[in-house]
Amino acid sequence: MLARLPLVLFAAAALAIPYSVQRIFLHTGIEKKMGTVQKIFYFHVPLAWIMMALAVACGIAAAIQLRRRSQLAESISIATGELVLITGLAVLVTGPIWGHATWGRAWTWDARQVSTGLLWLIFAAFVLLRRYGAAGSERLAAALAVFGAVDVPVIYYAVKIWKTTHPSTDVVGSLPPQMWASLWPALGALVCVTLGLLLVRIRQEQDQAGLDEAWIALDTGGK
Amino acid sequence: MSWITSDLRAPAEAKTPADDGYEPVTGLDQGTVQCVRACEAEAAAKTASDYSHVVWAYGVIWALFAGYGILLWQRASAQRIDTAELRRRIDRGASP
């Protein structure tokens, strides 16, 4: 059942994506101040939530890996780290596209943008270290992931602590029901896609570890 | 054309819609028409620009996910080849 879970998630996403897009464009009113471009919100915000959740998961898995040297925790940290890179890039591209239309500038160097950019750079370093680092670098990479997870509360509270061009965190809570009804399917679709890719990547990493061990055992004659 | 001039000169005498269904066109002055057209053009340009931004944003998101999916598929293919090679080596070693 677990092996088929990614397929189930991708099938659910294949249904949820067209449903959410038609809800966003055909059944949700145009926001008065920003106009049509506000429709980027329905994918930009859930992606930011997913990115932050993945960064925290990666930090926790990396901390477990550092403490217990667990293979599963290592696989989870690698998979979540790569997906932080993908979702983070999506957030960092869609945000400035929205900002260009709404604020007149793509990048305003506000605290939330900078802290999100910093998170992406930390996880880029994590992924590069995991991929190209020498023996023993996995511990350094794990420490980087823990450090990256600490940046998540900074991103969340950036709009409360500093004066930013981003709206406050209260905006999402005060959305009209019609917008919530479009936000949920978009969030569901993105969660299904991300979780499906995550499970595939964890499985791959565990298979790779098994393969590496088998090759070593074969080359050393099982000694 | 006499019916037009008669309506313009003496609007009070114009026939009411109840008489024969005819209703004189009052129209908008040229300044109002131009202002409305300018607003419409500006709104249309804003909507077109907004849609362009939205399409780029959505395109980037799904291109990134698709790209990562292709990367995972390539890795899986490489693992399948590696597993097959390992199995061949084990079978060769096991055979007398």
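Numerical summary
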{"quantity": "Sorted by Cβ neighbour density within 10 Å, fewest at the top, the residues A:27, A:100, A:44", "calculated": "A:27, A:100, A:44"}
{"quantity": "Separation of the residue B:62 and residue A:3 label points, Cα + 7 Å toward Cβ, nm", "calculated": "3.1 nm"}
{"quantity": "Proxy reagent accessibility, fewest Cβ within 10 Å first, across A:58, A:192", "calculated": "A:192, A:58"}
{"quantity": "Straight-distance crosslink candidates among aspartates and glutamates, where the alpha carbon sits under 13 Å from residue A:160 and sequence neighbours closer than 8 are dropped", "calculated": "A:110, A:170"}
{"quantity": "Förster radius 35 Å - calculated FRET efficiency between residue A:124 and residue A:161, Cβ distance, rounded to 0.05", "calculated": "0.90"}
{"quantity": "Stokes-Einstein translational diffusion, segment A:89-144 - Kirkwood Rh over all Cα pairs, 1.306 mPa s, 10 °C, in µm²/s", "calculated": "124 µm²/s"}
{"quantity": "Packing-based exposure ordering (other Cβ within 10 Å, fewest first) of A:160, A:32, A:39", "calculated": "A:32, A:160, A:39"}
{"quantity": "Residue B:46/residue B:85 FRET efficiency (R0 41 Å; Cβ-Cβ; nearest 0.05)", "calculated": "0.10"}
{"quantity": "Per residue Cα convex hull volume in Å³ - calculated over chain A", "calculated": "137 Å³"}
{"quantity": "Theoretical FRET efficiency, 1/(1+(r/R0)^6), r = Cβ-Cβ of residue B:39 and residue A:209, R0 41 Å, to 0.05", "calculated": "0.05"}
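Bear in mind that the values in this text are calculations on the coordinates, not laboratory data. Predicted model only: the values in this text are computed from it and were never measured. Reconstructed Cβ throughout: ideal geometry from the backbone, glycine too, with neighbour counts over all protein chains shown.
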